[in-house]
Structure formats: structure tokens, C-alpha cells
2 protein chains.
Amino acid sequence: MNNNYVSYFRPDIEAMSGYAPGEQPKAGKVIKLNTNESPFPPSPMVRKALDEFNTDLLRLYPNPVSADFRAEVSAMYGYTADNIITGNGSDDLLTILTRCFSDASHPVACFDPSYSLYPTLAELQGAECIKIPLTEDFDIPENVLEQAERANLFFIACPNAPTGNRFAREKLEKICANFKGIVVLDEAYADFAEQNCIDMVRKYANTVVTRTFSKSRSLAGLRFSYAVAHPKLIEGMMKMKDSYNVSMLAQKLALASLRDMEYFNDSVEKIKQNRKLLAEKLAELGFTVLPSETNFLFVIPPVNAADYFNALKKRNIFIRYFAMERTCRYVRITVGTQEEIEALLQATVEILKELSVS
Amino acid sequence: MNNNYVSYFRPDIEAMSGYAPGEQPKAGKVIKLNTNESPFPPSPMVRKALDEFNTDLLRLYPNPVSADFRAEVSAMYGYTADNIITGNGSDDLLTILTRCFSDASHPVACFDPSYSLYPTLAELQGAECIKIPLTEDFDIPENVLEQAERANLFFIACPNAPTGNRFAREKLEKICANFKGIVVLDEAYADFAEQNCIDMVRKYANTVVTRTFSKSRSLAGLRFSYAVAHPKLIEGMMKMKDSYNVSMLAQKLALASLRDMEYFNDSVEKIKQNRKLLAEKLAELGFTVLPSETNFLFVIPPVNAADYFNALKKRNIFIRYFAMERTCRYVRITVGTQEEIEALLQATVEILKELSVS
């Protein structure tokens, strides 16, 4: 290998550290509650679609715009296909949005704390990122519009991650109605929430709602997402996306999953029940548990959060810890199966004893 | 739907027309020789891998860096895994490269005619695209380095598309050795060629070779590609890619395909034979046939090229026509099965009669 390497990268790319996703430990005897995956398998209709799939078709390029999926999903919400774009996971759509609406002179805005990918996307695009601190209880501050004013693109995760709370619709609507650029309502967790904002697209031509099949549809491994927006926004985003950004298998299997509403509703219901159970049990153990409308809990352990995180990791139980100032007292725990919750609780009892003694 | 739409896009995005991929006609009784797909199905090992795949795993995120695939493919060429990055099709890798190495002050260079996506990628990035005209016989001009001098990224398809010829290794090596920025050797068609340049990565720290599973591996619908480069380049590209850009199924099935070298060699051999057959027959019918080291032919019909293209389309035979000055006398025809070639030739005989008479 030639050792005369000099940097060819744009300097900001060279300097940055890149986004750090949650760990993907090698399969084995681990309990994985760190990346908000569903603890349940995807719909059996997904396996059926795989079995019935004519593998020979893979020699052909996929439909470039996921025509079948867009027709069906748009009808579910009273939209039309030209309101929809599909992506290779939400990351793909968020990248497309960043590239369409931000650059060195068009800043990105997002809340802090929120999904840590947003500032990374801005950095990769060479765009300034305006971080707007949430209030003490992780709500939207009064002067949000003033703070976001210079931005052309505003990423809002709702419900928010890693905090788990949902912002009130009225507060979001006020932003959509008054912000001068594009508002992205990232609804990755909306299926676990009491309300969502998918209808706001009808009213606000600057509003994009993104949805993913990685959480509530148990298809993180498949990479599939969609966004809903004004047809003019979709048209422009279509120019930016890779021609064939969504594979043939992703299109087929996502459609099979979409159609199985019964299985979907059942999975979501079970996760909500498990969320309630986990919240109650952790509260009993002395954790401060924030209200969650997602498939995870954001909690303050009665011991040092980093120590608790590391002690669980030693026991092959993976949760998430964010070392930043606003989040360093908390850990984020994905809602797992009842068995996973039991194992977590049992380990937690042990760890609390150990850490209190030492 | 709200009608008060104003444009929010970066002005260059708003103004541009976007990349136009070849048509994907609805399946049915069509002969599709327009997007250089393989006429043969993927390896039977791909179906086997699908059958054996544990669908429940789709609830989890995929390995973010395709660890298994990178280990195996790197060994095939005497590289190591840190020389490899995988992509959601070559488009994904070309987009990553464009974003890493070009911007408003770092132009892109490419040949003309060449893969028409390169100028589009530059445009999407707000980067100037320096188009370097190939010589009369579609070869690299003497003063290429002088012409490319201001660029930081040089996309070279080799063999070239849509012209089908391979540039001499010495000419490419001279560019790799002397160009001051990154040279991307896009080897989408290299499996059909007599030589390739994958070894040049060892010698030149500024050289990236990209490969796709869309052509010779019959997996266009799967979206899978990889690039080979200096570990420092791979490291930087990893920052730019979406965290989970390659799905779990793409990783599994690509690996199954990679391992079936016998089927792969057999498919490539059959395509080369069919290419020879098609070239001979078209020459007999009065076409000028350029030498091809790809899975397509670039040919001048003995009648108006656009008329020929349209007449075939009426008969549900799709080929590709590029209306630009350098290419408007030609059509590009993907090498199909023997049956597809027969049907094309029969239709061609009829069309030549019609067009000569009218």
C-alpha cells in the first residue's frame, strides 16, 4: 500500500469525527436495548413475500420511485402518490433534505438534545447548525422561531429522541405556520405516540413528515422509509435522491408489512404495554422515568448513569448513554420483550446493590 | 393541499432537471435492452440464501460496514477489509465521493461522452463540472491532465459508457500518477473487459476503484456495490455514508453471489459470446459497431438513429438513445439472451426495410 497519503478531503470532512451509531454487537447471548429496534419479528407476511418473490427479477433495476408502495400508503392518509417519496431508511431522506435545503449560507436548525444525526448531517453538508436548547423539561422554548430564524431547514423529531416526549401539536403547528424555511417533522417514533402530525402537510407547503419502517414495523435491517410533503417538495427531492435508492426487496417487503395492519397494531400495543411495565418497575427501583410516547424510556438511574450503563454492558445488556451535559445523568433504554425487561430488571437490582456498596 | 407554495430549494437544485435513468417499462411482453442489466438470473445461491435467511433478524439494524462481505472480497484481491467500503449501488458510492471531494470551489472532471450521472452529481453538489472531450474515436486526449488540472475529483468509467471501449491501462495510470486530486475508476463493466485496474489502488493513494453487482452479478434490483481504495480514503468515506446504507439482505445476498464464482464466470462468458454474435449480425446489417468490452454495444445504424430507436420501441423493444451532439448518430444496445438478440435482429430487418422505403 502506498504510504504517501495526503488528505484530499474537504477540510471540514477531514476534521470531523462522523456520526456514531449505537453498537451492533455480534449476535449471541446479548440483550440489545440500545438502538430502539423492535423486540418482535416483522409481520409473517414479510416472510411470505420473500418466499413468493421471484428471485430472477433481481437482475432488473427496481422501480425508481416505489410506485406501488406510494400508491397504497398515500391512500391510507388521504394523500396521493405525488405527496410521497421513499428512502433507504430515514437517514437517506434526512440526507436528501439536508442537501436540498441547506448549505454554507443556509443553516440547519434542530433542538438540543435531539437526534444527534441532525448536527452531523449539517456538518457533512458544510452548513451551520443552530442548536436550540429545549427547556428544563425538554419542551419547545417560547422564542423558538426567533432562535431558528436564520435557518432554512428545521429538523424536529416528534416524539423526540432521546428524551421520548411528544411536543404539543399546537406548538409544532405554530412553527410550521411561521418558520420561513422547511420544517421536517421526523416521526420515526410516531406509531407509539398518542398523536401525530401527518395531516399538517395538507395545510403547510413547507412541512415534511418522515416515517420509518425500522421501529414499529420491525424492519430496521431492510432499510425503508417514506416522507410526506407538498408535491413540489417531493418533485425536488426526487432530483436529489439516487435513481434507484430503494431496492426491489425493500419495496416488496415494505408493502407486505404495510398491508398487515392487524399484526402492526398488535405489535405496537404490546410495546406500549411493555413500556408501561418497564416504567413502573424502574420507578419502583428509584429511577426517575420521563413520560415516553416512543419505544424507549429516558430515565435517571439512582446511581451514576455511566456506571450503570457500563455495569449492564458487562452483563451483555446494551442500553444507550449520551455523555453530553444535558443528557449525562440519563440512560436510554429500548422497550424489549417481557423476558428482556425481566432480565434487565434483575441485573439492575444487582447493579444497584453493587454500586451502592462500592 | 395548500397552494401557496414558494420555492425553498437551493436555487441550483430548483433550476436543474435531474438525472434521467433509462425507462423501466412495466413488466410484460417487452424486450429490455436499455439499462445494461444482465439477461441472466442471479446465482441460484442467491435464492438459497433467501430461503435460509432468518427473516426475524430484519428487526435489527444491519452491520453498518458490511464486515463479512468486506473481509471476503478484500482477500480475493489481496487487500484487507479497511481497503473496502460497500454501497447501496454504485450511485451511492459516487454520491459519497462527490460529497467528500467536491464543492463550489473544488470542481469535478469527467469525460464527454461518459456516464451522464457524473455531471448531474456535480450539479447536485453545487460543483463545477469540467467536461473533457474524448477524441474522435472516444479515447483519452493527450492533454487530459492539463484539462483536468483545476478539478479535485475525476470520474472515469472504464470501460466507458455509453461508448463501450476500454482505455489503455498506461493512459489511466498516467492520470492516477499525476492528477492532483482523487481519480475514481468506475469499473461497473470491468468484469466484461480484458483488463481492469483494481491493482492500481495499491500503488496510488488517490485512486478509488468502484464495482457494482448490478451488471455482471445480475443483482441490479438488490442495490449493492463496493469501492477499493487507500484505508485513509475509506475512513473518510465512511464518515460521509449513511450509517446503515447497505441493507441486511443486500449484504447476505451479495456474499452468496460473490462466493459462486463458477456461475459468475459462466454468465460473463455467455454475455461475451452473445456480444460477439450481436456485433457480427449487426455489422452484416450495415451497422457500424464499436469494439466493446462491456455488456452492451454502441453502434451506428444505417438509418437515422432516433428513428430506429423509436421503431424498436413501438415493437416493445427498448434500447437507449442519447440525443447529444457526440452521441446522436448512435444507439446503445444491451447484450441480451440469444432469443432477445434474435428478436432484435428480426425487428431490425423489418425496420431497416420500412425506414429505407419511407
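Against the list (1) of a type outside the set (D, E, K, R); (2) open to solvent by 10 Å² or more (accessible area, probe 1.4 Å); (3) part of a loop (DSSP other than H, G, I, E, B), the condition A:PHE167 fails is (2). Taking helices (runs of 4 or more DSSP H) as the structural unit, those lying wholly within the range B:236-314 and holding at least 2 residues that are touching a residue at least 24 places away in the same chain (Cβ under 8 Å) and of a type in the set (Lys, Arg) correspond to B:248-259, B:261-284.
Screening the candidates B:SER43, B:SER7, B:SER102, B:SER90 for the property of being more than 7 Å from chain A (Cβ to nearest Cβ), open to solvent by less than 20 Å² (accessible area, probe 1.4 Å) and either out of contact with any strand residue (DSSP E or B) (no Cβ under 8 Å at 6 or more places or on another chain) or among the acidic types (Asp, Glu) (or both) yields one hit, B:SER43. How many of the residues making up the range A:197-215 are more than 8 Å from every other protein chain (Cβ to nearest Cβ) and either small (Gly, Ala, Ser) or assigned to a strand (DSSP E or B) (or both)? Of the residues in the range A:197-215, 6 are more than 8 Å from every other protein chain (Cβ to nearest Cβ) and either small (Gly, Ala, Ser) or assigned to a strand (DSSP E or B) (or both).
Against the numbered list (1) surrounded by 20 or more Cβ atoms within 10 Å (Cβ to Cβ); (2) of a type outside the set (S, T, N, Q); (3) farther than 30 Å from B:ARG223 by Cβ, A:LEU285 comes up short only at (1). For beta carbons closer than 8 Å, sequence separation of 6+ or different chains, a first residue in the range B:224-235 that is touching a residue at least 40 places away in the same chain (Cβ under 8 Å) and at the interface with another protein chain (Cβ under 7 Å from one of its Cβ atoms) and a second that is open to solvent by 10 Å² or more (accessible area, probe 1.4 Å) and of a type in the set (A, V, I, L, M), the qualifying pairs are B:HIS230/A:MET1.
From the list A:LEU60, A:LEU134, A:LEU50, pick out the single residue that is modelled with pLDDT of 95 or more, more than 10 Å from chain B (Cβ to nearest Cβ), at negative phi and surrounded by fewer than 23 Cβ atoms within 10 Å (Cβ to Cβ).
Values: A:LEU60 fails: more than 10 Å from chain B (Cβ to nearest Cβ); A:LEU50 fails: more than 10 Å from chain B (Cβ to nearest Cβ).
The conditions single out A:LEU134.
Answer yes or no as to whether B:ALA193 is aliphatic (A, V, I, L, M), away from chain A (no Cβ under 12 Å) and over 21 Å from B:ASP260 (Cα atoms). Criteria not met by B:ALA193.
When each of B:ALA220, B:ALA188 is tested for being in contact (Cβ under 8 Å) with a residue 40 or more places away in the chain, facing chain A (nearest Cβ under 9 Å), part of a loop (DSSP other than H, G, I, E, B) and under 20 Å from the mean Cα position of the chain (by Cα), the lone residue that passes is B:ALA220.
Checked against (1) open to solvent by less than 10 Å² (accessible area, probe 1.4 Å); (2) hydrophobic (A, V, I, L, M, F, W, C); (3) touching a helix residue (DSSP H, G or I) at 6+ places or on another chain (Cβ under 7 Å), A:ALA190 passes all but condition (3). Does B:LEU312 satisfy the condition of being within 18 Å of B:LYS29 (Cβ to Cβ) and open to solvent by less than 30 Å² (accessible area, probe 1.4 Å)? Yes, satisfied.
Looking at this structure, is A:LYS174 of a type in the set (D, E, K, R), surrounded by fewer than 24 Cβ atoms within 10 Å (Cβ to Cβ), over 23 Å from A:PHE296 (Cα atoms) and in contact with a helix residue (DSSP H, G or I) (Cβ under 9 Å, 6 or more places away or on another chain)? Walk me through it before giving the result.
On the way: of a type in the set (D, E, K, R): yes; surrounded by fewer than 24 Cβ atoms within 10 Å (Cβ to Cβ): yes; over 23 Å from A:PHE296 (Cα atoms): yes; in contact with a helix residue (DSSP H, G or I) (Cβ under 9 Å, 6 or more places away or on another chain): yes.
Yes; evaluated as a whole, the condition is true for this residue.
Annotation: B:ASN36 fulfils all but one of (1) within 27 Å of B:ASP266 (Cα to Cα); (2) open to solvent by 30 Å² or more (accessible area, probe 1.4 Å); the unmet one is (2). Within the range B:77-92, residues that are farther than 28 Å from A:ALA250 by Cβ have Cβ atoms under 6 Å from residues that are modelled with pLDDT of 95 or more and in a loop (DSSP other than H, G, I, E, B) in these pairs: B:TYR77/B:ILE198, counting only partners at least 6 apart in sequence or on another chain. Taken together, the residues in the range B:105-121 that are surrounded by fewer than 24 Cβ atoms within 10 Å (Cβ to Cβ), of a type outside the set (Asp, Glu) and more than 10 Å from chain A (Cβ to nearest Cβ) amount to 6.
Would the range B:165-176 turn up any residue that is of a type in the set (Gly, Ala, Ser) and under 15 Å from the mean Cα position of the chain (by Cα)? Steps first, please.
Taking the range B:165-176 as the starting set, the residues that turn out to be of a type in the set (Gly, Ala, Ser) are B:168.
Filter once more, so that each one left must be under 15 Å from the mean Cα position of the chain (by Cα): none.
Scanning the range B:165-176, I find no residue that is of a type in the set (Gly, Ala, Ser) and under 15 Å from the mean Cα position of the chain (by Cα), so the answer is no.
Within this structure, A:LYS174 passes the test of being part of a helix (DSSP H, G or I) and not hydrophobic (A, V, I, L, M, F, W, C).
The values are calculated or read from the model by the stated rules, or taken from the named source; none is laboratory data. Here the structure is a predicted model, which means the values were calculated and not measured. Note: ideal-geometry Cβ built from the backbone for every residue, glycine included; neighbour counts use all protein chains shown. Just so you know, the surface numbers come from the protein's heavy atoms only, side chains and all, with ligands and any DNA or RNA stripped out. Shrake-Rupley method; radii C 1.70, N 1.55, O 1.52, S 1.80 Å.
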